[in-house]
Amino acid sequence: MTTSSPAPEPDPPSVDVVLPCLDEAAALPWVLERVPPGWRALVVDNGSTDGSDRIARELGATVVHEGRRGFGAACHAGLTAATADIVCFCDCDASLDPADLLPFVREVRAGRADLVLGRRRPRSLGAWPVHARAGNLALSRLLRRRTGLRLRDLGPLRAARRADLLALELTDRRSGYPLQMVVRAADAGWRITEHDVPYAPRTGASKVTGTWRGTFQTVRDMSRVLQESPAREGAAS
């Protein structure tokens, strides 16, 4: 009598890429095709009605559903679902290329940085609207005052170790999530670096910074984060 050996367990992903997603069916094929081989794409569906979750699954991504609306809610759901040592974040609208994360991951893995951020460099005038750029500049200046960091962008393309990110105990579930990550990392003494990355016009309409109103809401959320005390109650020492 012969017995079959159990199928070998798949190798764990070397890197998880969190892709917050709300109605990005048109952009998903290009974005997922650009995720480096061996990395796992975690598409966090935040209530899409255009079949984004089905398309992502058909294209081989792992789909996580987050019912609570908000950019931060989607990002954090992806972080908590991740299992790889290094976690990256990237928008799911084809404005940023996940392949540009390769040097970010190398830098984290080599121990040269704890958090690597992408400084968006627009490929065209329409890639980054004036109101969104102005809001980002204002927040960068406020961040410098709050932490001393001389960053030129607070873009969504970034990489860090999963355990370290979880230890930051991020609480913002709206537009302030990316900034809160940087502020708390700075307070914890992390080495934070920034690299230029190409920034293309997004596919489809923006849900956040496509309008002055959306930009104002984002700046308001992030300004609230900047008012956090460096010594958070209950934070690990």
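Numbers below:
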{"read-out": "17 Å cut-off, amide nitrogen to a point 7 angstrom out along Asp50 Cα→Cβ, residues in segment 23-39", "value": "23-33"}
{"read-out": "Calculated diffusion of segment 15-227, Stokes-Einstein form, Kirkwood radius summed over Cα pairs, 4 °C and 1.567 mPa s, µm²/s", "value": "76"}
{"read-out": "Sequence-distant residues sharing a close amide H with Ile86 (under 5 Å, placed H)", "value": "Asp16, Arg162"}
{"read-out": "Fraction of accessible area attributable to carbon and sulfur, segment 53-103 (%, probe 1.4 Å)", "value": "49"}
{"read-out": "Inter-label distance for Val130 and Arg69, nm, one decimal - labels placed 7 Å from Cα along Cα-to-Cβ", "value": "2.9"}
{"read-out": "Accessible surface, segment 15-227, averaged per residue in Å² (probe 1.4 Å)", "value": "44"}
{"read-out": "Estimated FRET transfer efficiency when R0 is 30 angstrom, pair Glu169-Arg145 (beta carbons, to 0.05)", "value": "0.80"}
{"read-out": "Projected label distance in nm at Arg121 and Ala99, using a 7 Å step from Cα toward the beta-carbon", "value": "1.7"}
{"read-out": "Residue-level accessible surface for Trp30, protein heavy atoms, 1.4 Å, Å²", "value": "100"}
{"read-out": "Sparsely packed trypsin sites (Lys or Arg not before Pro) within segment 130-201, loop by DSSP, other Cβ within 10 Å at most 11", "value": "Arg150"}
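The values are calculated or read from the model by the stated rules, or taken from the named source; none is laboratory data. Treat the numbers as computed from the prediction; the structure is a model and nothing was measured. Note that each Cβ is placed from the backbone with ideal geometry, even for glycine, and that neighbours are counted across all protein chains shown. What goes into the accessible areas is simple: the full protein's heavy atoms, side chains included, and nothing from ligands, DNA or RNA. Shrake-Rupley method; radii C 1.70, N 1.55, O 1.52, S 1.80 Å.
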